[in-house]
Structures are given as C-alpha cells and as structure tokens.
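The values are calculated or read from the model by the stated rules, or taken from the named source; none is laboratory data. These numbers were taken from a predicted model, which means no experiment stands behind them. As a convention, Cβ positions derive from the backbone with ideal geometry for all residues, glycine included, and neighbour counts pool all protein chains shown. Side chains included, ligands, DNA and RNA excluded: accessible areas come from the protein's heavy atoms. Shrake-Rupley method; radii C 1.70, N 1.55, O 1.52, S 1.80 Å.
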Amino acid sequence: MKIRPWASLSLTCLLLVLSACASSDRSDRTVRTIDKSERVDQTNALYRQVNALFSEAADLVDAGDINGARGRYNEVLHVDPRNMRALASLRALDAAQSQVESIAEAKRLFAAGNIDAARGLLRRVLVENPNQPEARGLWNDLALKLDQSTIIPLRLKSNGKRMTIEFRDGALRNVFEVISRLSGVSIVLDPNLNPDLMVSVYLKDASVEDAINFILTTHQLGKKVVSDNSLIIYPLSRSAQYEEQIIRVFYLNHADAKQAAALIKAMLPLRDVFVDEKLNLLSVKAPFEQMLSVERLIADTDVSEPEVILEVEVLEVSSSRLTDLGLRYPNTISFMGGSDPSVTTVPLSNLRNLSSEGIFLSPVPSLRLLRTDSDTSLLANPRIRIQSREKAKLHIGDKIPIKTSTISSTGNIVGNSANYLDVGLKLDVEPRVKLNNEVIIKLSLEVSSASQVAGADFPTLSTRFTSTIMMSADNETQVLAGLINDEDRKVANKVPGLADLPLVGRLFSGQNVNRQKTEIILLITPHVIRNVLRPDAGDAEFSGGVAGRASSANLGSGVTAQSPSRSKRSVALEASPVSDPVVPHSSPARQD
C-alpha cells in the first residue's frame, strides 16, 4: 500500500497535537498535585496549631486562670473563626464564671441567715451544672440547716417548772387547762377528741412534759409539738393526720437490701419499705421515732463481711530406693538360627555341621551392681484471700484431653471432640470466721496423676482424696498428713538348683528390690484481716416502742399513776415554783 505525501504530513501533525495535549495534561496534573499537597500541609499545620491552643487553654482552666484560657480560645477563633469547639468553650467559661459568682453570693446570703435567697441561687447553678462540687456541698449544708427545723420533731422548751397534780375523775379539758396555765404551754385539742373524757391522775414533783406524756400514754392519745411552747392533742386513731412522715434512702454497702427490708418489717410495724436490688438501696417512709430505730438497725447490720487469707502449703514428698545386685545368667539356649524369630524350621542335616557358632545364649551373661536413691519434694504455696462463708477453688496441674467420637443420626458423619480431665492438685476451701477470730475451715483436697499404657485408649488415674472440717485460731498452722502411698517390690532371678545351695547359692541368683513411698502433706494457716466488730451495748439494745406503735413518750422519774376511780370527784393541785396557780372554775381546788 502506498501512502500519499499529504496523508503522511497530516498524520505527523496529528501525532504532534496529541503529544502536546498529553504533555499539557501531565503538567496540569502535576500542578494540581502540588497545590493539593500544599493545602494538605497547610491544613495539618493549622490543625496542630489549634490543638496546641486547646491544650494550653485546658491547662489554664485547671490552674484557675480563666482569663488566660479565654485568650487562647480567642486565638483559635482568630485562626478559625467558625471553630464550634472554641465557641462552646467560651460559652462554658462564661457560665462557669457566672456560677462561681452565684456561689459566692449564696455563701454570703447563707452567712447572713437568708436561706431562701441562697437556695434560689444554688438551684440555678445546679440546674446548669448538677455536678458542681462546691454548689452541691453548700446545698447539702442548707438542707441540713432546714432539716433541723423540719425533719427533727420539735420539743417543748423546758422551763424547769415542776408540779404536783391530783385529779380524780376530772374532765380532760379541765386537766389540760390547768397544765396550760401553770406551764405557759398552749394546748389545742383535736375536734374529734371528747373533751368530757374523765381523767384520774396523781403526779408529784413532775415536769410539764412528763405530766403531759403520762396523760397521753394512759388514755391512748398523741401529741404534735407545733412550736417550743405549743402543741396539739389528738386521739391515736387520727395519728396519720398529725404524724410527720420522713422518707429516707439507705444505700447499703454490705448488707443485702431484700434481707434488710425483711428485718425492718419484722422488727417494726412498717409497710412503706421499697427495695431497689439494682442499686442495693432501701427507701423507707416512717415517723421520726421509727426512723431512728430503722437507722440503728441498718447501722448494726450493714457491716462488712469477715475476710481471711489462707496460706496453703501442699507438699508431695516421694522417696525411691532401687537395688539391683547379682549375676545375670542366660535362661535360653537356641541352636541353628533359633535366635532369629523369622527362622521357624531347619533341616535335620544341619545337625551334622553343628558347631559352637550355631549355639546362642540369651540373655547375655552379666554382673549387675546398681543402687539408685531418689527423693522428690513438690511444693505448692498459694495464698487465697476469701470472704467468710464463700468457696474458693484452686487447681494446679494439667488438663488431659479424652477423645470422644459422635456419629450423626444419618450414620454418615463422624465427629470428634475432646473432654478435658483435670489432674494434679485440686483444693476446695470454705472458711467461716467467728467473732473470736477463730476460723472454721471446710476443705477438700485431691491429688491425682494420669498414666497411659501403650496401646490403651484411655489413661489410668491415680487419686488420693480427703475431705474434712477443722478449726484454727488466727495465725495458727494446721497440718493434714497421712496420705501415703507405699510400694515395695522384690524380684529374684535364680539358676534352678544352684541358687538353692547354701552359702554359694547367692552366686547363682540376682535380686531387684524397688521401694517407693509418696506422702501428701497439707499445711494451712488462716490470717484474719477483717472481722465483724461487736456493737456497743447502746447500739445493740434500744427501745422498739410498744406493740404496734413506736413509743412516742417516755415517762420521767418521780411520776406515779393510779387507776381512775368512779367515787366522789375531788381535785387537789400543788404547783412549784409557780406562786399564783390558776385552777378550773368548775372544780374545787386546794393549794398547799
């Protein structure tokens, strides 16, 4: 084929254009790659600079330099104006500074006695930051200050006045009116209380509070102290309307919440007890006096479990004595290839050429002079820390696989698996720590070894096992021994007839004596590191109130009581140190 000149020129121009375009594309890609690399380097440098500023700001915040941290965040915004982390950090600094100022103002108000205003400031801080430690601590102080007047019941102010009162079938209204006028205590009767209830009371040199409590106790009445010099008297049937209920949450450290709830319900007449097993807490709702009993019960039962360290030493002492003495004589004579197991028959003609080379002795005669002594002591010395009444297990040894084959239901697939058998030293202990630091130890000890004969499918186990219960004092070592395995084997090889000759018979015999003895010794020493402390007498024994109700009052000394009488009504009154006692107008009175 012949190419024309103009076609050749056109083809050359086309190749030059394509080459130029390709060169231009390569140069453009190279420029773009360089620009991209420069931008990546700039981005990395900016990232490192911003991270360094954030790190410096965090260090300044920890040091308490809020203004310095604010400057670092502003530098970040100067480099990256849209950095959301810096904007959020600046807002957090403003909020933290405002919180610090609010806490300082709340402290000033608290010191001045303006508790309500201080609580308002702290509430705003805790809404913004519930975990602010300083605000949380001050809030708790304010709550404690308020609880002194709201949770703890008020008591009548003792003015030291003592009185002697004698009423026989007096009206309840008149009795409390006399006590009110003599003591200066305002007494209000519940509308459902029968004001004409007849009361007989004989008190001598009793305080005002004892006099009131005596009447309340003997006539199934209750009281609610409103202030230090005023109270309300009500029948116990309406105690739910007057008794202040307290809700207390107990976070238990050691006691089980369900068991603690069962104890509280069994000891006290309470129903409002809630158990949270996840947090192991109790929520109790009860009157103040019953709540005091609950607190003491919880304090006596929520104690840590005793703990003990068991120092265990396990020794396996084995001794072996092997004695092999005497001449070893041949016990087999073979002729004409009898020493070769493959030769079973020989021609009779071979006897003609029989010589000493065709006679074989087995075994080869030899003189044995062997004595072997070996002593082995295997020691395991673990230390186990364990709670009282808990179990601990210890295994020192091997796991031997035992092959198990299974066939599928169709019978076409055979699967192999391995079951592992524990051999070696296995120790199970369960200590119980007593209050006198003695430890009762329940233990099980097993020492095993495995051996497998050539060609056998399964190993043979040799086991020594013991289980016992022992008592030991703190730091006292107990020894468990006697697990002995004693073997004595004696084998004698003799030349018949000659070995039985006296004196020289020993020259025609050999003896093999093998003695093996193995003993397991267990030494266990308990170290009590924590035990239950007995509570004091005041904590272990306290008043539980009357049946079905916590005691609301205790009678003071010097108070005597006499059953009401339906005889002639008379009133005798003696008050001291009041100079001018006021007596009810409806009853005659006498002052001594």
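Quick look at the values:
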| read-out | value |
| --- | --- |
| Residue identified as at pLDDT below 75 and of a type outside the set (Ser, Thr, Tyr) among 473, 481, 499 | 499 |
| The range 298-314, residues that are farther than 16 Å from residue 251 by Cβ and open to solvent by 30 Å² or more (accessible area, probe 1.4 Å) | 300, 305, 309, 311, 313 |
| Residue count for the range 486-531, restricted to those that are over 60 Å from the mean Cα position of the chain (by Cα) and among the polar types (S, T, N, Q) | 4 |
| Contacts under 6 angstrom Cβ, first residue in the range 286-307 being of a type in the set (Phe, Trp, Tyr), partner surrounded by fewer than 17 Cβ atoms within 10 Å (Cβ to Cβ) and assigned to a helix (DSSP H, G or I), 6 or more apart | none |
| Restricting the range 57-82 to residues that are free of Cβ contacts under 8 Å to residues at least 24 places away in the same chain, within 14 Å of residue 46 (Cβ to Cβ) and outside any helix (DSSP H, G or I), the residue that is most open to solvent (accessible area, probe 1.4 Å) | 82 |
